[in-house]
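Here the structure comes first, spelled out in C-alpha cells, and everything after it is commentary.
The values are calculated or read from the model by the stated rules, or taken from the named source; none is laboratory data. The structure presented is a predicted model; accordingly, all values stated were derived computationally and were not measured. A quick note on method: Cβ atoms are made from the backbone with ideal geometry, for glycine too, and the neighbour counts reach across all protein chains shown. All accessible areas refer to the heavy atoms of the entire protein, side chains included, with ligands and DNA or RNA removed. Shrake-Rupley method; radii C 1.70, N 1.55, O 1.52, S 1.80 Å.
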Amino acid sequence: MERVKKENYYLDIAQTVIERSTCLRRCYGAIIVKNDEIVSSGYNGAPRGRKNCSEMGRCLREELSIPSGQRYELCRSVHAEANAIISAARRECIGATLYLAGIDAKSGELLHDATSCSMCRRMIINAGIERVIVRNTETEYSITDVQEWIDNDDSLQGLEI
C-alpha cells in the first residue's frame, strides 16, 4: 500500500471537517497545522447561537442571485478559515499552514476553484500563517505562500497610491 502524501492527509482531514458545514451553497473545511500537529479546525456556519441556513432552509445570497465571492456581508456564515483562526492561539498560528477544502453543497462535488476570500486572507495574514494549501482534486492541491498576498495587496486594486 502506498502511503498518502502528508498534504493530502491533512486535506483529507479538512475535507472531513466539511461535514459540519451548514451552508446551502458552498461548504468549506479548514485545519491549521504547525510542527506536524493539528492546531485547530473550522467550517463555515452561522455564529454560535444563531440559526444556520440549513436549519432555516434558505440562503439570502442565493435568493438574491449574488455571485460567488461577492456581498459576504449578507451571508450568515463565519468562514471556515476564520473559525479555525478563532479557535487557535496566535502563537500556534505563527508559521503554521492552513489546509482548505470545499464542496458544492447541492452536488457534493469538490470545488476546483476554492480560495480564501479577501476578508479571510486578511485574517490569515494577521494570524501569522505562512502557507495555505487548497485541495483542487482528490490528489492535487495548490500551495500559496501568504507573503504573496501581502506583496500583491488585492485591497489596492483600482487605487492609485
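The set of residues in the stretch 59-71 being under 21 Å from residue 113 (Cβ atoms) and either open to solvent by less than 60 Å² (accessible area, probe 1.4 Å) or in contact (Cβ under 8 Å) with a residue 12 or more places away in the chain (or both) consists of 59, 61, 62, 66, 68, 69.
Residues checked against (1) within 24 Å of residue 149 (Cα to Cα); (2) of a type outside the set (S, T, N, Q); (3) open to solvent by less than 80 Å² (accessible area, probe 1.4 Å):
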| site | (1), (2), (3) |
| --- | --- |
| 47 | no, yes, yes |
| 57 | no, yes, yes |
| 73 | yes, yes, no |
| 86 | yes, yes, no |
| 89 | yes, yes, yes |
| 95 | yes, yes, yes |
| 113 | yes, yes, no |
| 117 | yes, yes, yes |
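Among the residues making up the stretch 23-45, those that are farther than 16 Å from residue 89 by Cβ and open to solvent by 20 Å² or more (accessible area, probe 1.4 Å) are 23, 24, 25, 26, 28, 36, 43. Here residue 2 does not fit the description of being open to solvent by 60 Å² or more (accessible area, probe 1.4 Å), in a helix (DSSP H, G or I), more than 19 Å from residue 128 (Cα to Cα) and at pLDDT below 95. Applying a threshold of 7 Å to beta carbon distances and a minimum spacing of six or more residues, or different chains, the list of pairs starting in the stretch 7-31 at a residue that is closer than 21 Å to residue 97 by Cα and in contact (Cβ under 8 Å) with a residue 24 or more places away in the chain and ending at one that is in a helix (DSSP H, G or I) and open to solvent by 30 Å² or more (accessible area, probe 1.4 Å) reads 29/15; 29/16; 31/13. Among residues that are hydroxyl-bearing (Ser, Thr, Tyr), in contact with a Ser or Thr (Cβ under 8 Å, 6 or more places away or on another chain) and assigned to a helix (DSSP H, G or I), residue 54 is included.
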